[in-house]
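To start, the structure itself, in structure tokens.
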Amino acid sequence: METAENRLRRLRLRAWHRGIREMDLVLGGFADAGLADLEPGLLDAFDTLLSEDDHDLYGWIAGRTGVPARFEAIVGRIRLHRGLA
């Protein structure tokens, strides 16, 4: 079973190694700033969000495309962190 500490470490690593530098900065910065403070449901959503395509993520965070309902809360938090909300 994965410990909470290992999960946060894994999520930070995945957030910083996306493949598109812009998404590394957005998601990695968000992860560094307060991933440990997220409530469990948002942490689960962030974990799932990291499996999505970078181009889709960029569109959602930039507000260029609609955000799927299952990601609205976590994308809203990321946008707020980036000053986009």
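The values are calculated or read from the model by the stated rules, or taken from the named source; none is laboratory data. This structure is a prediction, so every number in the text was calculated from the model and none was measured. Backbone-built Cβ (ideal geometry, glycine too); neighbour counts: all protein chains shown.
Here are the numbers for the structure shown:
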item: Residues within segment 50-73 that are more than 15 Å from Asp24 (Cα to Cα), charged (D, E, K, R) and part of a helix (DSSP H, G or I), tallied; result: 2
item: Breaking point among (1) farther than 16 Å from Leu13 by Cβ; (2) in contact with a helix residue (DSSP H, G or I) (Cβ under 8 Å, 6 or more places away or on another chain), for Leu50; result: (1)
item: Failed item in (1) within 11 Å of the chain's Cα centre (by Cα); (2) modelled with pLDDT under 95, with Arg12 passing the rest; result: (2)
